[in-house]
């Protein structure tokens, strides 16, 4: 379903599990940024009522996920660590076309969002299948399902608002680009690290 070009190595999940406190803090900020991204899209395209409705729901879900991660951090007797820059997301964002039309940028922003959701979904699946803490594994499975739904929503919205843009071709370009980018990651206890 996700068609990612490169699967995450299971060694990333082992590293993440061995550094779960750091992973949870990084994960919390990923959820916060996902909520902010959804809000940014609806603020920039307020005339697209369906997009506003759908993405306001996504923003609320992502903020709820942030709250859930934060609860797990506190339950472990820890506090949210300082936010670290997500270089993977920055590289993907640089692939978004700018200055060549508002509709093209919308489609690219939606595909950028879908790409992050797809990779997060894949990593949550891996965590749900490999970590020993069953409660955490089950929670990551629930998050995997949510991310898959967000991924398909972003793709559907890109197609809805494409106005002649070949979304499938552009999605293949995103997949190829992300496949090259992700080769440099998977070596730290970060969600996209």
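What to note about this one:
- No other residue among 109, 123 is within 14 Å of residue 17 (Cβ to Cβ), within 18 Å of the chain's Cα centre (by Cα) and crowded, with 16+ Cβ neighbours inside 10 Å apart from 123.
- Scan of the stretch 1-20 for residues that are surrounded by 15 or more Cβ atoms within 10 Å (Cβ to Cβ) and in a helix (DSSP H, G or I), ordered by number: 12, 13, 15, 16, 17, 20
- Selection of the stretch 156-182 for residues being part of a helix (DSSP H, G or I) and buried (at least 17 other Cβ atoms within 10 Å of the Cβ) yields 157, 158, 167, 170, 171, 174, 175, 178, 181, 182.
- Under the condition of being within 27 Å of residue 43 (Cβ to Cβ) and either out of contact with any helix residue (DSSP H, G or I) (no Cβ under 6 Å at 6 or more places or on another chain) or modelled with pLDDT under 95 (or both), the residues counted in the stretch 117-135 number 1.
- Count of the stretch 75-106 residues which are in a loop (DSSP other than H, G, I, E, B) and either more than 15 Å from the chain's Cα centre (by Cα) or surrounded by 11 or more Cβ atoms within 10 Å (Cβ to Cβ) (or both): 18
- Complete set of residues in the stretch 21-36 that are surrounded by fewer than 18 Cβ atoms within 10 Å (Cβ to Cβ) and over 15 Å from the mean Cα position of the chain (by Cα): 21
- In the stretch 144-155, the residue that is nearest to the chain's Cα centre (by Cα) out of those that are surrounded by 15 or more Cβ atoms within 10 Å (Cβ to Cβ) and within 17 Å of residue 64 (Cβ to Cβ) is 147.
- Of everything in the stretch 51-74 that is over 21 Å from residue 115 (Cα atoms) and touching a helix residue (DSSP H, G or I) at 6+ places or on another chain (Cβ under 8 Å), the residue that is surrounded by the most Cβ atoms within 10 Å (Cβ to Cβ) is 69.
The values are calculated or read from the model by the stated rules, or taken from the named source; none is laboratory data. Since the model is a prediction, treat every value here as computed from it, not as a measurement. All Cβ positions, even for glycine, are placed from backbone atoms using ideal geometry, and neighbour counts span all protein chains on display.
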